[in-house]
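Asker: One structure follows; several queries about it will come next.
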Amino acid sequence: MQPQTDNGQRHTERAQPRDTGTHAASAKGTTHMGLDLHGRTVLAVDHDYTVRIKLTGDVFICIESPLHLVNPTGQHLTLTPDEDPSEAFGPVAELVGKTIATATADTSGTLRVAFGGGARIVVEPDAQYESWNVSRPDGSLIVSTPGGRLARWSPTPPDRAP
């Protein structure tokens with residue numbers, strides 16, 4: 001099957017596309033897609049050229065481009081996973097135990113995650129690389145592709161699971 005980007009183009013991959021979240025128009029007219037992460041708790045944060053945030057339910061947020069972290073006191077920090085040393089990601093590791101209040105992606109490919117307690121992460125799209133993805137154990141996947149288009153893959157049907 002093939003995933004479908006928001007512009008209707010098709011790309012060869014393993015599962016069929018589906019709508020994975022609710023859409024709402026913002027005041028500026030940008031459409032936001034809910035990522036169904038509300039209430040999930042951060043269990044672990046790993047860094048090795050990417051930032052992998054493991055959530056309850058075996059859901060992962062993987063970040064491969066610069067991320068903007070705003071801590072609860074309002075301090076801004078920008079980190080680049082493939083350039084900054086692991087020690088620099090300590091403030092991201094402090095998210096362990098925090099619960100997601102909201103998580104959205106807009107049609108520009110920007111990821112926004114707000115946590116209980118006030119911390120926020122924003123990951124903007126990259127012109128040349130996939131900047132982030134959200135994966136689930138059922139095989140569903142949402143990816144901000146190069147240039148910021150969102151690609152969505154449906155869960156793998158049980159009769160086709162590996």
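Asker: Provide a single number: the residues in segment 69-94 that are in a loop (DSSP other than H, G, I, E, B), under 16 Å from residue 45 (Cα atoms) and either touching a residue at least 12 places away in the same chain (Cβ under 8 Å) or among the charged types (D, E, K, R) (or both).
Answerer: Number satisfying all stated conditions: 6.
Asker: So, residue 97, is that one outside any strand (DSSP E or B), of a type outside the set (S, T, N, Q), surrounded by 17 or more Cβ atoms within 10 Å (Cβ to Cβ) and in contact (Cβ under 8 Å) with a residue 24 or more places away in the chain or not?
Answerer: On the way: outside any strand (DSSP E or B): yes; of a type outside the set (S, T, N, Q): yes; surrounded by 17 or more Cβ atoms within 10 Å (Cβ to Cβ): no; in contact (Cβ under 8 Å) with a residue 24 or more places away in the chain: yes.
Here the answer is no, as residue 97 does not meet what is asked.
Asker: Can I ask one more? Counting residues that are in contact (Cβ under 8 Å) with a residue 40 or more places away in the chain and closer than 22 Å to residue 73 by Cα, which strands (runs of 3 or more DSSP E) fully inside segment 105-148 reach at least 1?
Answerer: Ranges flagged: 111-115, 120-123.
Asker: From the residues in segment 35-68 that are among the polar types (S, T, N, Q) and surrounded by 14 or more Cβ atoms within 10 Å (Cβ to Cβ), which one is nearest to residue 146 (Cα to Cα)?
Answerer: The qualifying residue nearest to residue 146 (Cα to Cα) is 65.
Asker: Of 85, 125, which residue is farther than 19 Å from residue 32 by Cβ and either at pLDDT 95 or above or surrounded by fewer than 18 Cβ atoms within 10 Å (Cβ to Cβ) (or both)?
Answerer: 85
Asker: Give just the number: which of (1) surrounded by 18 or more Cβ atoms within 10 Å (Cβ to Cβ); (2) at pLDDT below 95; (3) of a type in the set (S, T, N, Q) does residue 73 not satisfy?
Answerer: With respect to (1) surrounded by 18 or more Cβ atoms within 10 Å (Cβ to Cβ); (2) at pLDDT below 95; (3) of a type in the set (S, T, N, Q), residue 73 is out only on (1).
Asker: Looking only at segment 100-122, filter to residues that are of a type in the set (A, V, I, L, M) and under 18 Å from residue 62 (Cβ atoms); which one of those is surrounded by the fewest Cβ atoms within 10 Å (Cβ to Cβ)?
Answerer: Going through the qualifying residues, I end up with 122.
The values are calculated or read from the model by the stated rules, or taken from the named source; none is laboratory data. All figures in this text were calculated on a predicted structure; none of them were measured in a lab. We place every Cβ from the backbone using ideal geometry, glycine too, and count neighbours over all the protein chains shown.
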